[in-house]
Every structure is written in C-alpha cells, then in structure tokens.
Amino acid sequence: EPEVTQTPSHQVTQMGQEVILRCVPISNHLYFYWYRQILGQKVEFLVSFYNNEISEKSEIFDDQFSVERPDGSNFTLKIRSTKLEDSAMYFCASSRNNSPLHFGNGTRLTVT
Amino acid sequence: DAKTTQPNSMESNEEEPVHLPCNHSTISGTDYIHWYRQLPSQGPEYVIHGLTSNVNNRMASLAIAEDRKSSTLILHRATLRDAAVYYCIEKLQGAQKLVFGQGTRLTINP
C-alpha cells in the first residue's frame, strides 16, 4: 500500500537556524498538509496546499513558516528562524478530493 | 471549528469488544464523522467514516445514532496493537482539513 514518507525522522537544530522538513506524498494525491504535535498535546493543523498554492492556514503558520512543492513528488515545510517552542513532531499528510488523509510517521524537530 | 466530545481514556481487555463513544451534538446534516487513531510514535491513521448509516470495514464498525448527535466506534475483538489514541472528528462539508481534539486514549490489557 502506498504511504507518505517523511525525512529526516529526527532533526536537531539550534535556535535561529533554518530547517526544511521533507515529505513525499502519495503520488496520485492532490491535497497536501502539515500538522504538528507538541509533546503531550493534540495534533494541530498548520497548512493545506492544493494546486500549487496554500488553500488554508492556521494562526500558528506565521511568516516564519513556508511550504513548497519544488517538483512533482516532494512537499516541504521550511521554518526560517527556529524558536525553542517550534520543538514538536511535524506530520505531513496527503489526500485525494474528499477522501481520508494519509499521514506520514513524522519528523521530530528538536530546537536547542 | 466543529466540536466533538470524547472520554479522555478507556480501558479494555484483549480479545474483547470495545465501544468508543463520541458526542457531536451540533453536527450539521452534511458533515461526516471521521475516526482516526494514533499509535505510539506514529502519525494519525484513518479508521473509518460515515454520514448517516452504520459502516463496517476491516478495521472497525461505526454506529451512528439516528439523530446523528452521537456515534460509537466498535472494535470487535481488541488486540494489544489497538492501544492508541482514537480521535472522533467532524469533517465539515467542503473542507479538506481535519481538526483534531484530545481523543480517547485506549489501553488494552493482556
């Protein structure tokens, strides 16, 4: 069964550094998402992406965040200047129209 | 965002059925009920969804009340691998994203 893959599984970075989290969605999916989960808290929506543009974003997704689909297969989340509070699990997901979301197993981001 | 209410935690025994309740008293007529689960150290995983009728798949069954204000996810024969946080989510018509609540943490005893 096709799956969403995310790399790296764990990323450690220093405060103020830029990070790029990478995702390969399922190939025939059209909608792409990023979620995050701070340790012990609920899964929070960050952004959705369709037709090469952001379709919806949450309050969390401020100017420090950006998403890109640089080619036909990758979907990336960039955090320009990381803060301690950005430490979390970041999940990528993809879906077809009005179909269930398929999630990857996440990237654990640790900001020191 | 649409709001569902679930118990914080439940416990059951291996090989017994599990009924996970969810209240969604403000649901509109066109919004679907989705269930996802999150196993330890993994991303959320789709379980099942429905609108009005009861639904069955290889993972679970979903029983939706006639007034649609509540639903129950049924695991017919729980295994240790079913220990997870289960999320009941109202998916708004036309929306693609999911909004997760706190979910129910299900513990399965051997």
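The values are calculated or read from the model by the stated rules, or taken from the named source; none is laboratory data. Keep in mind that what you see is a predicted model, and the values were worked out from it rather than measured. With ideal geometry, Cβ positions are generated from the backbone for all residues, glycine too; neighbour counts draw on all protein chains shown.
General remarks:
- Number of the condition not met by A:T107 [criteria: (1) within 13 Å of chain B (Cβ to nearest Cβ); (2) buried (at least 20 other Cβ atoms within 10 Å of the Cβ); (3) among the polar types (S, T, N, Q); (4) farther than 23 Å from B:R105 by Cα]: (4)
- Residues of segment A:44-75 that are under 19 Å from B:I89 (Cβ atoms) and of a type in the set (A, V, I, L, M, F, W, C): A:F45, A:L46, A:V47, A:I60.
- Restricting the search to strands (runs of 3 or more DSSP E) fully inside segment B:28-98 and requiring at least 2 residues that are more than 30 Å from A:Q6 (Cβ to Cβ) gives B:61-64, B:70-75.
- Leading residue by the ranking (farthest from the other protein chains (Cβ to nearest Cβ)) among those in segment B:99-110 that are surrounded by 16 or more Cβ atoms within 10 Å (Cβ to Cβ) and assigned to a strand (DSSP E or B): B:I108
- Subset of segment B:37-70 that is among the hydroxyl-bearing types (S, T, Y) and in contact with a Pro (Cβ under 8 Å, 6 or more places away or on another chain) - its residue that is nearest to A:Q41 (Cα to Cα): B:Y46
- Test: residue in segment B:56-64 that is among the charged types (D, E, K, R) and either surrounded by 15 or more Cβ atoms within 10 Å (Cβ to Cβ) or modelled with pLDDT of 95 or more (or both): no
- Out of A:Q37, A:Q11, A:Q6, sole residue that is farther than 18 Å from B:A95 by Cβ, modelled with pLDDT of 95 or more and more than 12 Å from the chain's Cα centre (by Cα): A:Q11
- Subset of segment A:59-99 [within 10 Å of another protein chain (Cβ to nearest Cβ), farther than 16 Å from A:T13 by Cβ and crowded, with 18+ Cβ neighbours inside 10 Å]: A:F91, A:C92, A:A93, A:S95
- Neighbours by Cβ (under 6 Å, 6+ apart or cross-chain): first from segment A:54-67, over 18 Å from A:F32 (Cα atoms); second of a type outside the set (D, E, K, R) and surrounded by 14 or more Cβ atoms within 10 Å (Cβ to Cβ): A:Q64/A:I79
- Top-ranked residue of segment A:7-21 - restricted to ones that are in contact (Cβ under 8 Å) with a residue 60 or more places away in the chain, part of a strand (DSSP E or B) and not hydroxyl-bearing (S, T, Y), ranked as surrounded by the fewest Cβ atoms within 10 Å (Cβ to Cβ): A:H10
- Here A:V4 fits the description: hydrophobic (A, V, I, L, M, F, W, C) and facing chain B (nearest Cβ under 9 Å).
- The strands (runs of 3 or more DSSP E) located wholly in segment A:49-103 that include 2 or more residues which are closer than 14 Å to A:T5 by Cα occupy A:75-79, A:88-95.
Matching residues to (1) among the aromatic types (F, W, Y); (2) in contact (Cβ under 8 Å) with a residue 40 or more places away in the chain:
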residue: A:F32; (1), (2): yes, yes
residue: A:S48; (1), (2): no, no
residue: A:N74; (1), (2): no, yes
residue: A:S95; (1), (2): no, yes
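- Among the conditions (1) farther than 23 Å from B:Y32 by Cβ; (2) part of a loop (DSSP other than H, G, I, E, B); (3) more than 13 Å from chain B (Cβ to nearest Cβ), A:N28 misses just one, which is (1).
- Checklist (1) free of Cβ contacts under 8 Å to residues at least 12 places away in the same chain; (2) under 26 Å from A:Y35 (Cβ atoms) applied to B:D67, failing item: (2)
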